[in-house]
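Only one structure is covered here, and it is reproduced in the block below.
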Amino acid sequence: MSFKKFPYLLVFLFILSVLAFALFAKEAEYQWKVDDLLTTDQVSDAQISPDGTKLAWIVTKWNLEEQKSYQIIYMASLTSKDDDIQLTRGEDRFSSLQWVPGKDQISYRTNRKFKKTKENNLWIMDINGGEPYPLTNFEKGIQQYQWIDKDNFLYSSREAESLYEKEKKEKKNTAVVVEDEDHRVITRLFHYDVKEKKSTRLTDNKKPLQRFFLSRDKNFVIYGISMSMIYGQDQEIRPRYFLMDLKTKQSQEIFTDLSLKPFGSFEWAMDNTGFYAPMAYSTHPKYTMASVMKLYWYDLKSHTFSEINLGWKNDGGSYSVTRDGFVMSLPNGVHFKHARYYKEGNTWKRSWIEEESQKNVRIFSMADDGTTMIYAYSTASIPARYYLAELKKNQFLRKWEVIDLKSPLFKRPLAKTEIITWKGALDEMVEGILYYPYKYQEGKKYPLILMIHGGPNGADTDFFRERWAYPAHLMCERGAFVLKVNYHGSSNYGLTFGESIAGHYYEYEIPDIENGVELLIKQGKVDKDRLGIIGWSNGAILGTALTVHTDRYKAASLGAGDVNWTSDYGNCAFGVAFDNYYFNGPPWDNIEHYIKKSPIFQMKKVTTPTLIFHGSEDRSVPYEQGWEYYRALKVIGNTPVRFISFPGEGHGPRKLAHQRVKLNEEIRWFEKYLFQTLKDQNEALKEGSPLDMLTKYRKISKVKGLFGVEKNGFLIPEVVEYKKLTIGRFEVTRAQWAFFDKDYTYPEGTGNVPATGITFDRAVEYTKWLSSQTGETFRLPKLEEKKTLYNSRSGNTFDYWAGYSLNPDDYQKLQKELEKYGDEPVLLKEAGQFKAAGENLVFDLGGNAAEWVDAGENKGEACGGSADISADSTLKILPGLKYTGLRVIQEINKDK
């Protein structure tokens, strides 16, 4: 079919857009948006039911208008591939999701307030229906809980306020006694009887209780007591650990050898004969700033413990208990090597999990049967997907995808990634993850941005992790390589590698990073004159050192990094332990070493344009460090510098507005100083104003004057991202419909008017036809998406034609005027005549033609405003068929 001719006289709005194009430079089109990194749905707290037949989990979502996150609880069957079920509504927050033993119920803590219910109390929900209800209403809420049976559970909570606390409040005394060990808030362990609604205190500890771990047979509980509020600062007095017999209520101390440093989760064996206890191990007699995990076994019968020989050079990682031992993810550089350990008497036999692909698997949840599990599969360039699997002998047998977030990230250009190695300091091999520029062409040189991880005893792994601190894909789409380096001092490479920089800070990490950069320059991939740095925390510390070391970096964005170690010692929340460990003691004993290691004394060497971020309440890297850094560069004046302070924020921005600022400022900084693509911006131009929209209208796809895109010889709807859906920018037009319905005709010059007079069944047939012709999956909006898409009536409604806001009586009177035109939908206007929604310009959701929504059971509902009905949604008026059309949704195909 040939395209029908379009009138020479274009709509006035689009004439203006042509004129505007001469006035405004066309901005680069990027598919990755800042909010993709910040507000994409995230999964947490996946819990398999005790019988292994169901899965419940929490998804974090965002209310973008209020800039706050909220959470929804979902459930799915593990015995069939049925669709998941949304269990909660509203915008509450949840944590500590658990199944109630012996019941079709889940429990959770929530911030929801119901009548006089306090926050962080325990709520119950029946999965078969009914409203959730609060089970407890403790004044101070619950910190942790574990069910004993359906009528009893253990929980930890802080005690009521002491007289000291009450008098401080009464006197409005906001003064703080620093490190006031005598007046710490005391948390204790309690038992709660659901039927009796009665709490019983189980411990009388004089220091705060930490986490507790209930045995699987519910007869014993392990708990820890924090002995010093500054243990994180100086690592002097570590917590103590106790084992309580719940039948006798007697406790005995365990792990009395103070050289053992328990951390992480204790896990009870399936047969309750003992438990596994991870320990942080370092060769230093006191500090574990750099450490590896060693796993111990505590035998309940003999009350003895012993180290399990993992037989692995880099020692242990996360683990899950099985019926005959445990399965562990052993750290192996950027990957993990999975092994199954079988308990044989007092020893454990290791067998490797088969298949190379399992290196990119992370176990998310393990059922009580020790074989059914949920795992996430991901790489640095593939967002996580969540699968039901079975642990069978030495295999993870995948069954099906059980949690499908329908993530919009799968529709973004995903960078190719590669694991590369090179020789670093000490002639040792260093590993890194290289992200390729979008649309990379071999033989062409590109900019390179280093993204340096924090820690230093952390690591970048081959797992998808796009976030505000390290926006790799945002930069790859702008045409840059990104390199993440696991420098000396990183974890996952063994204790010697991790401890190597103690006393040698900067000496090995800088050569590691620089040698990786040199490798890419020599390979002809990277332009040596276009290098940049992004880092947070220790990444910023090393980034600063690089700008002191060399002048070849053209842009740096560095957040929450130290520049003066002499002042860090007292101001940092863990300064004593960190600085003593990495800088050979306190500054008063080693001041020359501290000065030598502090970049603040070498700021005159810096010529790299530097963007600095810091939170005003940061105690991990003190806020003053940001000011010292900025003031030195500003006064010296050798390079541009900009300092963004985040009021009320700690070691990283938590507010969505601040995270957006971080990324947008960073993008502009690199566009100006590295990519050199930044266009002058007019601060007086309001985003979304008619003047601003003139250039944005240039984004709309047309074929010979008709809205849409051409594919396989057909004119099909253009789709854009809107509220996490991929949706038609316009309602399906007459010109587009004519390619589907060969008998359909329309007046010349009206091809961009919405196609109407369409039944629900025909609308469904169109989406199926469109799917078959394009190889993509199209559908109508679903009923649960109705509120998201059609929340108001505006634009081309009957009020527009009347010229005023109609009341019910006038609406009825004006119907006589419409009768003059018979069946002709004379009120329809060409698409795109009224204000668009969203930054990607979605038109006519509130008016012009009503749109079919799939209501289930082969039924449809016409939604949204239309030209023949009032804008007043309280008037229960249905649109006529002659004013009803459709808009398509494109499903995300993650396998493409």
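The values are calculated or read from the model by the stated rules, or taken from the named source; none is laboratory data. The structure displayed is predicted, hence computed values, not measured ones. We place every Cβ from the backbone using ideal geometry, glycine too, and count neighbours over all the protein chains shown. Heavy atoms of the whole protein, side chains included, go into the accessibility calculation; ligands, DNA and RNA do not. Shrake-Rupley method; radii C 1.70, N 1.55, O 1.52, S 1.80 Å.
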What figure, in Å² to the nearest 10, do you get for the accessible area of residue 655 with a 1.4 Å probe and non-protein molecules left out? 120 Å²
Select one label from (1) 94, 72, 65; (2) 86, 66, 60; (3) 112, 77, 53: the one whose number is Cα extents along the principal axes in Å as derived from the coordinates shown. (1)
For residue 364, the residues 5 or more places away or on another chain with a placed amide H closer than 5 Å to its own amide H are 374, 375, 376
List the residues whose amide H sits under 5 Å from the amide H of residue 557, counting only those 5 or more places along or on another chain, with H placed 1.01 Å from N in the peptide plane. 533, 534, 535, 611
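Can you give the FRET efficiency for residue 177 and residue 349, using 1/(1 + (r/R0)^6), R0 = 60 Å, r = Cβ-Cβ distance, to the nearest 0.05? Can you show the working numbers first?
Values: r = 54 Å, r/R0 = 0.90.
Working from the Cβ atoms, E equals 0.65.
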Just list whichever of 116/218; 115/782; 679/702; 444/711 have alpha carbons separated by over 28 Å in the model shown. 116/218; 115/782; 444/711
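So what is the relative contact order for the chain, in percent, with contacts set as C-alpha pairs under 8 Å and at least six apart?
On the way: 1891 pairs, mean separation 68.2, N = 896.
Computed value for the chain: 8 percent relative contact order.
Which FRET efficiency value, to the nearest 0.05, is calculated for residue 742 and residue 816 with the Förster distance at 25 angstrom and r the Cβ-Cβ distance?
On the way: r = 37 Å, r/R0 = 1.48.
So the FRET efficiency works out to roughly 0.10.
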Taking θ as phi - 60°, what are the ³J(HN,Hα) couplings along the stretch 806-822 by the Karplus curve (6.51, -1.76, 1.60), each to the nearest whole Hz, with x for Gly and Pro? 7, 9, x, 5, 5, 4, 5, 5, 6, 4, 5, 5, 6, 4, 5, 9, x
Computing the accessible area with a 1.4 Å probe over protein heavy atoms, can you report the carbon and sulfur percentage for the stretch 225-339? 50 percent
If I model a spin label as a point 7 Å beyond the Cα along the Cα-Cβ vector, how far apart are those points for residue 835 and residue 169 in nm? 4.6 nm
Taking 0.36 nm per residue of separation between residue 605 and residue 119 and subtracting their Cα-Cα distance, the length gained on full extension comes to 169.7 nm
Expressed in angstrom and rounded, the centroid-to-centroid distance over alpha carbons for the stretch 389-453 and the stretch 152-181 is 47 Å
The simple spin-label model distance between residue 664 and residue 65, using points 7 Å out along Cα→Cβ, in nm, is 2.0 nm
In square angstrom, rounded to the nearest 10, how much accessible surface does residue 874 have for a 1.4 Å probe? 100 Å²
Leaving ligands, DNA and RNA out of it, work out the accessible area of residue 438 with a 1.4 Å probe and give it in Å² to the nearest 10. 90 Å²
Would you pull out the residues with amide H under 5 Å of residue 855's amide H, same chain only if 5 or more places away, H placed 1.01 Å from N? 860, 861
Ignoring everything except DSSP H segments at least 4 long, calculate the 222 nm mean residue ellipticity for the chain; use -39,500 (n - 2.57) per segment, divide by total residues, nearest 500. -5500 deg cm²/dmol
So the angle from the long Cα axis of helix 538-549 to the longest Cα principal axis of the chain, reported in degrees to the nearest 10, equals 90 degrees
Tally of Lys pairs whose C-alpha atoms are under 29 Å apart, taken over the stretch 553-659, 8 or more apart or cross-chain: 13
Checked against a 25 Å limit on the C-alpha separation, the offending pairs among 68/416; 54/337; 61/662; 662/723; 168/197 are 68/416; 54/337; 168/197
In nm, to one decimal, how far is the residue 91 label point from the residue 418 one, both placed 7 Å along Cα→Cβ? 4.6 nm
For 362, 340, what's the largest-to-smallest order of accessible area, 1.4 Å probe? 362, 340
Relative contact order (%) - criterion: Cα under 8 Å, at least six apart; region: the stretch 562-657: 31 percent
Number of Lys pairs in the stretch 785-861 closer than 28 Å at Cα, excluding neighbours under 8 places apart unless interchain, is 10
Using θ = phi - 60° and the Karplus form 6.51 cos²θ - 1.76 cosθ + 1.60, what ³J(HN,Hα) does each residue of the stretch 846-860 get, whole Hz, x for Gly and Pro? x, x, 6, 10, 5, 10, 6, 10, 6, 8, x, 6, 6, 10, x
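Over the chain, average the accessible area per residue using a 1.4 Å probe and give it in Å², no decimals.
46 Å²
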How big is the gap, in Å, between the Cα center of the stretch 619-667 and the Cα center of the stretch 457-478? 20 Å
Going 7 Å from the Cα of residue 441 along its beta-carbon direction, which residues of the stretch 645-688 have the amide nitrogen within less than 14 Å of the resulting point? none
Of the heavy-atom accessible surface of the stretch 418-568 (probe 1.4 angstrom), what whole percent is carbon and sulfur? 44 percent
Tell me, what % of the accessible area of the stretch 603-661 is carbon and sulfur with a 1.4 angstrom probe? 52 percent
Over the stretch 661-723, calculate the relative contact order: mean separation of alpha carbon pairs under 8 Å at least 6 apart, over the residue count, as a percent. 12 percent
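Going highest first, how would you order 100-109, 711-720, 587-596 by mean Cβ packing within 10 Å?
Averaged packing, sorted descending, gives the order 100-109, 711-720, 587-596.
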Test of understanding: what is the full-extension gain from residue 356 to residue 635, defined as 0.36 nm times their sequence separation minus their Cα-Cα distance? 95.0 nm
Using a 1.4 angstrom probe on the protein heavy atoms only, line up 147, 352 by accessible area, largest first. 352, 147
